[in-house]
Amino acid sequence: MVAGLIAAAGRGERLGGARPKALVGLAGKPLVGRAAAAIAPACDLLVVAVPADADPAPFREALAECGVVARVCAGGAARSLSVKAALREAEGADRIVVHDAARPFATPALVQACLDALAEADAAIAAVPLTDTVKESRDGRFVDRTLDRSRLWAVQTPQAFRRSALERALARPDRELAAATDEASLVERDGGRVRLVASTPRNLKITVPADLELAEALLACRTRTGVGSEQC
Ligand SMILES: Nc1ccn([C@@H]2O[C@H](COP(=O)(O)OP(=O)(O)OP(=O)(O)O)[C@@H](O)[C@H]2O)c(=O)n1
Ligand SMILES: C[C@](O)(CO)[C@H](O)COP(=O)(O)O
């Protein structure tokens, strides 16, 4: 059985605005509804973690608006703590898909590819090879060194896990969980095998206002031309 966990408990400080980011509309539909609808076909059960101090009603409405049936739970103070809270509600599932509410463009095919890759790994994560040159700077002013781009991948969600690997990864002290930027990095630290699954830059994360502008443009292009997610 597959459970999909949507991390939707962030504030969206970098995006700005009065509402939690997960409720922000993209071409008229809320981000959390779009993200959940994208992974739903590959999942038997969905759990959505929402801000602990927020009224869950607007989140339930946002999911219903996109035709999604899901459990809603209180998230934590950091993303991995939210994922841990959602995992508690996903009893019976042996494979888990973690997905950001902030990524509205995932596809069921990408989720399925991550699940299939679990046959040879403890976790399988959507990723794209880097196309920019990447430099390291300790002071944010001068460059210390240039990294070897040929070995670098930009990682996204969905991220699929064997339940046992994710449970072990999340059994750490809260301060360690709070410092993690994704759950796969915790599996790596446990010595788990993490498989990269080829994705596309179109599976973008809405983080800053420019991302929302780009996402609106992508959807407008799809509506105007009638083409699907592979073309624009
Ligand atoms: N305590 C938290 C923090 C983040 N997230 C979720 O993790 C995903 C990726 O995080 P990010 O894009 O950083 O969202 P925010 O934390 O909301 O953004 P910001 O850092 O700008 O406030 C989002 O879907 C967000 O809702 C979460 O579930 N619980
Ligand atoms: C999990 C993630 O989307 C992979 O790219 C990313 O690390 C989330 O980072 P954020 O700072 O919580 O947006």
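Comparing Leu170, Leu218, Leu46 in a Gaussian network model of the chain where C-alpha atoms under 10 Å apart are linked, the largest mean-square fluctuation is found at Leu218. About its Cα centre, the dipole of the chain is roughly 280 debye, where the only charges are +1 on Lys and Arg Cβ and -1 on Asp and Glu Cβ.
For the range 120-139 versus the range 3-40, the spacing of their alpha-carbon centroids is 23 Å.
Here Lys29 is the anchor, and the aspartates and glutamates within straight C-alpha reach of less than 15 Å, apart from those fewer than 8 places off in the same chain, are Glu61, Glu65, Glu213, Glu216. For the range 3-96, the set of trypsin sites (Lys or Arg not before Pro) satisfying both a DSSP loop assignment and a count of at most 14 other C-beta atoms within 10 Å is given as Arg11, Arg14. For the chain, modelled as a GNM whose springs connect Cα atoms under 10 angstrom apart, the maximal fluctuation among Thr157, Thr200, Thr181 occurs at Thr181.
Using C-alpha pairs below 8 Å separated by at least 6 residues, the relative contact order for the chain is 22 percent.
If I stretch the segment between Val69 and Ser137 completely, what's the gain in nm (0.36 nm per residue apart, minus their alpha carbon distance), one decimal?
Stretched fully, the Val69-Ser137 segment lengthens by 20.0 nm.
Residues of the range 181-200 with the amide nitrogen closer than 19 Å to a label point 7 Å from the Cα of Ser164, along Cα-to-Cβ, please. In the range 181-200, the label zone of Ser164 (backbone N under 19 Å from the point 7 Å along Cα→Cβ) covers 184, 186-195.
Taking θ as phi - 60° and the Karplus parameters 6.51, -1.76 and 1.60, the scalar couplings of the range 47-58 work out to 10, 10, 8, 10, x, 4, 9, 9, 5, x, 4, x Hz in sequence order, x denoting glycine and proline.
For the chain, what is the accessible area per residue in Å² when the probe is 1.4 Å?
Numbers: 11510 Å² over 232 residues.
Counting only protein heavy atoms, the per-residue value for the chain is 50 Å².
The values are calculated or read from the model by the stated rules, or taken from the named source; none is laboratory data. From a predicted model like this one, the values you see are computed outputs, not experimental measurements. With ideal geometry, Cβ positions are generated from the backbone for all residues, glycine too; neighbour counts draw on all protein chains shown. SASA here: full protein model, heavy atoms, side chains in, ligands and nucleic acids out. Shrake-Rupley method; radii C 1.70, N 1.55, O 1.52, S 1.80 Å.
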